[in-house]
Structure formats: C-alpha cells, structure tokens
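Below is one structure; the comments refer to it alone.
The values are calculated or read from the model by the stated rules, or taken from the named source; none is laboratory data. All of these numbers come straight from a predicted model, not from anything done at the bench. Reconstructed Cβ throughout: ideal geometry from the backbone, glycine too, with neighbour counts over all protein chains shown.
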Ligand SMILES: [Zn+2]
C-alpha cells in the first residue's frame with residue numbers, strides 16, 4: 001500500500017522524540033492503524049493545533065512506499081472536532097473510554113467497518129446531546145462486545161437452556177465466566193453469580209436484537225439504565241482482563257458528580 005486515504009477516528013497519540021507524534025487511529029478502510037506524524041510538533045501548517053486530538057474525526061492520507069516500516073501520516077483533514085464533547089468533562093470521559101476500549105482490543109490492520117460506524121455514530125450523538133450519555137454507553141458497549149465476539153447471552157439460561165420468558169420468578173443471575181444468564185436452579189452451583197433485574201436483562205436483550213437506529217429509540221427506566229451500563233462495564237473488564245484507565249477515571253467522576 002504505497003499511498004492511501006481513509007476516514008479515521010483518533011484513538012491515541014503520544015510524543016516520539018522532539019518533533020514527531022505517534023498516532024493510533026480506527027480507520028474505516030484499514031481498521032486500526034498506528035502511524036507516525038513527522039514534525040507534527042513543529043509543522044503547524046501541516047498539522048495545526050486541535051487537529052490530531054483524541055477522538056477527532058479525520059480524513060487522513062498516508063504513505064508507506066516500501067510497504068514496510070512505519071506508515072507515515074502525510075495529511076489530515078478535520079471532519080469533526082466534536083467540540084460539544086470536549087467542552088464537557090463527563091462526555092469527554094465517555095468518549096475516552098470508548099476510544100481506549102477499541103485501542104486495547106483491536107489488532108492492527110484488520111478492517112472493522114461496523115465498529116468504525118458504531119464509534120462514529122456514538123461520538124456524533126454524544127457531541128450533539130441528542131441521546132443521553134448513559135444510553136449511548138450501553139449501546140456502544142453492547143455493539144463493541146458483539147463485533148468482538150464477546151456478546152453476553154441474555155436470551156436463555158446458559159446451563160439448562162430455558163428461554164428467558166420460561167424462567168419463572170425472582171431475579172436472574174449472570175455468571176461472568178460463562179458469559180450468560182442462569183436460572184435460579186442452575187445458579188446454585190455457580191461460584192459468584194451477579195444479580196440482574198429481569199427488566200434490565202430484557203432491555204439489554206432488546207438493544208442486542210435491534211439495529212442501531214431502532215435501539216436508540218428505546219426508553220430505559222433509570223434503574224435499568226444504571227444497572228445496565230454498570231453491568232456491561234464489569235463484564236468488559238472481566239473479559240479484557242484489565243480496567244481501562246479511562247474507565248477508572250469515569251467511575252471516579254461519577255462518584256463526585258451528583
Ligand atoms: Zn437453568
């Protein structure tokens with residue numbers, strides 16, 4: 001791939017030497033890419049301040065003439081700076097969490113168009129404030145888990161396969177290690193099942209079973225909303241094996257925000 005251009009969302013940036021930046025992006029055409037922006041810290045004409053910022057939506061042009069070594073970022077155009085997100089610390093925390101998840105989980109160079117569209121949609125909706133932060137956090141996390149092949153199974157008991165509507169009475173249980181719900185009988189042998197309200201499980205299942213445009217129209221009850229996104233955060237941390245730094249920050253921020 002000598003030169004190519006693609007839409008891309010910036011996931012991470014770090015300094016490299018005195019003048020350069022290393023930038024990781026989720027691109028529409030080539031999945032996750034790590035590129036070097038030569039002289040980005042000096043050349044304000046090519047890379048003006050505010051351009052190569054976390055979760056900016058860009059159109060990038062890259063060059064890798066020999067097809068080996070690091071890909072060079074030649075040009076970037078800012079499609080959306082998401083100023084509505086940047087001006088709000090809570091929204092910035094959500095966007096940072098989603099970007100970090102994608103960066104942690106994805107391998108380089110594998111096309112992930114569905115995940116790209118999901119991230120772009122969630123950032124645009126967060127920026128515009130058209131959909132609540134917590135609703136978007138549920139929608140992003142469920143989509144991320146789905147596209148990563150880690151979807152929690154809310155449809156039936158993971159052991160006896162009784163469908164959720166056939167499971168009678170009481171709360172439902174969820175076993176993180178098995179990745180699915182359990183009925184009361186099957187949960188008795190489980191080491192540390194989590195309790196989940198039936199209403200929450202049904203709402204999460206409904207989001208899973210519908211496309212994005214339909215899913216965002218679901219009205220969550222406040223209780224299901226809170227239980228839902230907290231459960232998904234726990235589930236993700238368990239499956240990726242660590243707590244993303246930005247999630248730790250987000251959780252602390254919530255504690256301090258009434
Ligand atoms: Zn069962």
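A few notes on this one:
- For the range 151-170, the tally of residues that are in contact with a strand residue (DSSP E or B) (Cβ under 9 Å, 6 or more places away or on another chain) and in a loop (DSSP other than H, G, I, E, B) stands at 9.
- Some residue of the range 35-51 being closer than 19 Å to residue 113 by Cα and surrounded by fewer than 17 Cβ atoms within 10 Å (Cβ to Cβ): no
- Qualifying residue in the range 133-147 (condition: in a strand (DSSP E or B), assigned by TED's automatic domain parsing to the domain that holds residue 238 and either crowded, with 18+ Cβ neighbours inside 10 Å or within 16 Å of the ligand (Cβ to nearest atom) (or both)): no
- Which numbered condition residue 167 fails, given (1) within 16 Å of the ligand (Cβ to nearest atom); (2) touching a helix residue (DSSP H, G or I) at 6+ places or on another chain (Cβ under 7 Å): (2)
- Subset of the range 106-123 [farther than 19 Å from residue 207 by Cα and assigned to a helix (DSSP H, G or I)]: 113
- For the range 183-225, the set of residues classified as farther than 27 Å from residue 120 by Cβ, in a helix (DSSP H, G or I) and at pLDDT below 90 consists of 184, 185, 186, 187, listed by residue number.
- Residue that is assigned by TED's automatic domain parsing to the domain that holds residue 112 and either away from the ligand (no atom under 11 Å from the Cβ) or on the phi > 0 side of the Ramachandran plot (or both), where the choices are 172, 182, 191: 191
- Residue in the range 201-209 that is in the same structural domain as residue 125 (by TED's automatic domain parsing) and within 16 Å of the ligand (Cβ to nearest atom) present: yes
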